[in-house]
1. Tell me which residues, restricted to the stretch 384-399, are within 13 Å of ligand 3 (Cβ to nearest atom) and either among the hydroxyl-bearing types (Ser, Thr, Tyr) or open to solvent by 30 Å² or more (accessible area, probe 1.4 Å) (or both).
2. From the list Val274, Val310, exactly one residue is touching a strand residue (DSSP E or B) at 6+ places or on another chain (Cβ under 8 Å) and open to solvent by less than 30 Å² (accessible area, probe 1.4 Å). Which is it?
3. Of everything in the stretch 231-252, what is surrounded by 14 or more Cβ atoms within 10 Å (Cβ to Cβ), of a type in the set (A, V, I, L, M, F, W, C) and part of a helix (DSSP H, G or I)? Give them in sequence order.
4. Applying the selection to the stretch 57-80, what residues are open to solvent by 30 Å² or more (accessible area, probe 1.4 Å) and closer than 28 Å to Val93 by Cβ?
5. Being closer than 22 Å to Ile302 by Cβ and free of Cβ contacts under 8 Å to residues at least 12 places away in the same chain is the filter here, so list the residues in the stretch 316-342 that pass it.
6. Would it be correct to say that Ala129 is over 22 Å from Ile219 (Cα atoms), away from ligand 3 (no atom under 16 Å from the Cβ) and open to solvent by 10 Å² or more (accessible area, probe 1.4 Å)?
7. Is at least one residue of the stretch 334-341 within 16 Å of ligand 2 (Cβ to nearest atom) and touching a Lys or Arg at 6+ places or on another chain (Cβ under 9 Å)?
8. Given the conditions (1) closer than 30 Å to Val380 by Cα; (2) in contact (Cβ under 8 Å) with a residue 40 or more places away in the chain, report the number of the one that Asp243 does not fulfil.
Amino acid sequence: MTATRLSVDGERLYESLRVLGDIGAYDADDGLRGVCRLALSAEDGEGRRHVVARMREAGLDVTVDRIGNVFGRRPGKDPSLAPVMIGSHIDSVATAGRFDGCLGVLGGLEVVATLNGAGRETLRPIVVAFFTEEEGARFGTDMLGSAVATGRIPLEHAYALQDRGGKVVREELAAIGFTGEASERLAPPHVYLECHIEQGPVLRAAGRDIGVVAGVQAICWHELTITGKSAHAGTTPMSIRADAGLAAARINVALREMTSCGRFGANLRATMGVIAPYPGLVNVVPGRVIASVDIRNPEDDILVRAEAEVVELYAEVAAAEHVAIDYRRTARTNRVRFDAKVQERVAAAATARGLSHESIVSGAGHDAQEMAAHCPAGMVFVPGEYDGISHNPREWSTREQCANGVNVLLDVALAFADEPPEAR
Ligand code: GLV
Ligand code: MN
Ligand code: MN
């Protein structure tokens with residue numbers, strides 16, 4: 001690289017994260033500010049309008065597709081060439097920080113602002129994108145918008161998904177004014193790039209500036225309905241209870257044992273993030289529990305075995321506790337490997353900027369994994385403070401860490417954006 005290399009404005013990028021993070025902000029414990037911008041909520045609508053306005057200010061041509069994915073296009077010298085796409089998401093879990101997803105989208109806008117400021121044209125167009133319901137925290141299926149855009153999930157299936165209050169994707173999209181007219185089937189870009197916080201402790205503990213993301217681990221989600229019998233807590237003998245809460249607890253403990261028993265290696269992750277008892281009263285045996293199970297592993301075959309054992313577990317617990325356990329698989333993705341050339345370019349860009357880096361497999365799901373089935377794709381990770389905690393208001397990456405990641409994103413985007421058609 002030469003002395004004329006462009007660099008992003010880290011201060012401007014960080015301020016843009018703060019401003020978007022104020023949309024849907026709430027006061028969390030310990031004096032922290034959290035973010036709650038669940039997909040297709042009023043707060044998500046406000047966040048979307050803010051980012052669209054920023055896209056237009058940057059001169060991007062904005063289109064919205066039928067599942068509400070948003071694309072802002074900067075022209076290239078040859079408009080017939082497939083664009084470089086930079087993206088992520090701006091929806092959040094209900095207890096988020098300000099970085100998850102937003103770094104990728106605002107990082108894309110910062111790349112565009114840097115190119116605009118320098119009057120730098122590219123051969124190919126550059127598109128900054130954000131996808132609908134990446135989190136799956138509201139409608140139960142993660143990477144929803146990118147999975148529809150790449151054809152894995154049919155539009156009508158996505159439209160029909162409901163949140164726990166019975167609100168439907170199709171109507172909620174319309175309610176915030178983001179049912180676009182563009183086809184939901186995205187033409188494959190030349191490459192898809194996503195900069196994201198690591199959301200884990202690895203890079204920070206190793207003292208690395210950049211993660212070269214090799215891929216994403218396999219993910220499986222179940223939604224459980226456990227049905228027992230509500231009864232009086234004081235009068236109902238233990239021997240005749242059908243306690244749905246106890247059944248959920250037994251599943252949770254058994255999942256933890258699966259992660260530590262060694263039969264699934266050392267990397268099985270298992271979480272029951274939802275355990276909602278009904279009627280949820282101190283003196284009533286829970287007659288029903290709605291629960292979720294999230295299991296993940298970097299190896300597909302291990303996740304297949306683990307899921308099979310989890311399903312057997314439901315049957316055993318149902319029989320032992322005299323309850324019925326119904327489950328529905330709400331999400332399932334295989335391990336994804338990112339494009340080798342993207343990984344090489346991320347590593348080379350980091351090295352050229354004097355940034356330390358290492359290869360890392362993502363524990364979290366990302367839109368890039370859907371895009372990887374559609375075009376060459378890859379990711380740049382930046383470290384997080386406080387053990388890389390995420391899905392928590394304490395989630396934090398420093399201005400320098402964010403700027404490093406987006407500088408690498410800029411370099412890699414430019415390398416692909418100036419690439420003629422025969423280069424791949
Ligand atoms: C998305 O953040 C996920 O990995 O659950
Ligand atoms: Mn994310
Ligand atoms: Mn997330």
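1. Correct list: Ile389, Ser390, His391, Asn392.
2. Testing whether each residue is touching a strand residue (DSSP E or B) at 6+ places or on another chain (Cβ under 8 Å) and open to solvent by less than 30 Å² (accessible area, probe 1.4 Å) leaves just Val310.
3. Of everything in the stretch 231-252, those that are surrounded by 14 or more Cβ atoms within 10 Å (Cβ to Cβ), of a type in the set (A, V, I, L, M, F, W, C) and part of a helix (DSSP H, G or I) turn out to be Ala244, Leu246, Ala247, Ala248, Ala249, Ile251.
4. Thr63, Val64, Arg66
5. If the condition is that a residue be closer than 22 Å to Ile302 by Cβ and free of Cβ contacts under 8 Å to residues at least 12 places away in the same chain, then Glu316 is the only one that fits.
6. No.
7. Among the residues of the stretch 334-341, not one is within 16 Å of ligand 2 (Cβ to nearest atom) and touching a Lys or Arg at 6+ places or on another chain (Cβ under 9 Å), which makes the answer no.
8. The failed condition is (1).
The values are calculated or read from the model by the stated rules, or taken from the named source; none is laboratory data. If you're wondering where the values come from, they're calculated on a predicted model, not measured in any experiment. Here the Cβ is made from the backbone with ideal geometry for all residues, glycine too, and neighbour counts use every protein chain on show. Just so you know, the surface numbers come from the protein's heavy atoms only, side chains and all, with ligands and any DNA or RNA stripped out. Shrake-Rupley method; radii C 1.70, N 1.55, O 1.52, S 1.80 Å.
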